[in-house]
Amino acid sequence: GGIITQTPKFLIGQEGQKLTLKCQQNFNHDTMYWYRQDSGKGLRLIYYSITENDLQKGDLSEGYDASREKKSSFSLTVTSAQKNEMAVFLCASSKGGANTEVFFGKGTRLTVV
Amino acid sequence: GDSVIQMQGQVTLSENDFLFINCTYSTTGYPTLFWYVQYSGEGPQLLLQVTTANNKGSSRGFEATYDKGTTSFHLQKTSVQEIDSAVYYCAMRDNSNYQLIWGSGTKLIIKP
């Protein structure tokens, strides 16, 4: 088996601050994802990457940057934190392809003060 | 475009009750449909995958099927237990880019 590690688990930032969330996976998966989870709204895709140095925008990419530095790591930057984006950010990975399972980390909870 | 709608935001049951959660989908292609479960403090994890209409997927006492005629798919369990308390998400694979389209989740509360 493998594991997806997200750091930090809790992140508190000030409004307007630039904040970075990190994610590592040891599945050797090609595809990695960042989702935002708001209560009662399901999961919304921010960015995904199908291979090292690749970057694809999801539906919620505005206000975020991402970087796939190497196959095992994928980071997400909140460019200017806003109070209305307090949520849980979930990193995930998969082999890729139509029927492959997506594996998730435990999330980073962002609070903006 | 493709979409998934999960209407039940919360379901409250007693132990040994029957569980039924429904989602509807919209797509032009042949969907692959999933149920994920998220326990408190964890990320979502795959519970079931259904790739063919009217075929039944099953795992851990849960069953899922989808009906192409009504474009709906559902998750059921005959007798729920307290350990089943979680949020259940339906999802559909977008066949154009292979990304998952998620329902909004159903929180299952089991009264002891």
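All of the numbers you see were taken from the coordinates with simple rules; none came from a lab. Values in this document were obtained by computation on a predicted structure and should not be read as measured data. So basically every Cβ, Gly included, is an ideal-geometry build from the backbone, and we count neighbours across all protein chains shown.
A quick yes/no check of all residues on (1) at negative phi; (2) in contact with a Ser or Thr (Cβ under 8 Å, 6 or more places away or on another chain); (3) surrounded by fewer than 21 Cβ atoms within 10 Å (Cβ to Cβ):
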residue: A:38; (1), (2), (3): yes, no, yes
residue: A:50; (1), (2), (3): yes, yes, yes
residue: A:60; (1), (2), (3): yes, no, yes
residue: A:66; (1), (2), (3): yes, yes, no
residue: A:79; (1), (2), (3): yes, no, yes
residue: A:88; (1), (2), (3): yes, yes, yes
residue: A:93; (1), (2), (3): yes, yes, no
residue: A:103; (1), (2), (3): yes, yes, no
residue: A:107; (1), (2), (3): no, no, no
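Scan the strands (runs of 3 or more DSSP E) fully inside segment B:2-112 and keep the ones with 1 or more residues being more than 10 Å from chain A (Cβ to nearest Cβ) and free of Cβ contacts under 8 Å to residues at least 24 places away in the same chain.
B:45-50, B:57-59, B:62-67
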- Which numbered condition trips up residue B:5, out of (1) surrounded by fewer than 16 Cβ atoms within 10 Å (Cβ to Cβ); (2) among the aliphatic types (A, V, I, L, M); (3) touching a helix residue (DSSP H, G or I) at 6+ places or on another chain (Cβ under 8 Å)? (3)
- Task: Considering (1) in a strand (DSSP E or B); (2) within 14 Å of chain B (Cβ to nearest Cβ), say which one residue A:66 fails and leave the rest.
- Result: (2)
- Looking only at residues in segment A:43-58 that are touching a Lys or Arg at 6+ places or on another chain (Cβ under 8 Å) and in a loop (DSSP other than H, G, I, E, B), which one is nearest to the other protein chains (Cβ to nearest Cβ)? A:58
- Note on the structure: Residue count, segment A:14-32, condition out of contact with any Gly (no Cβ under 6 Å at 6 or more places or on another chain) and of a type in the set (Phe, Trp, Tyr), comes to 0
- Item | So residue A:17, is it of a type outside the set (A, V, I, L, M, F, W, C) and either outside any loop (DSSP other than H, G, I, E, B) or under 11 Å from the mean Cα position of the chain (by Cα) (or both) | no
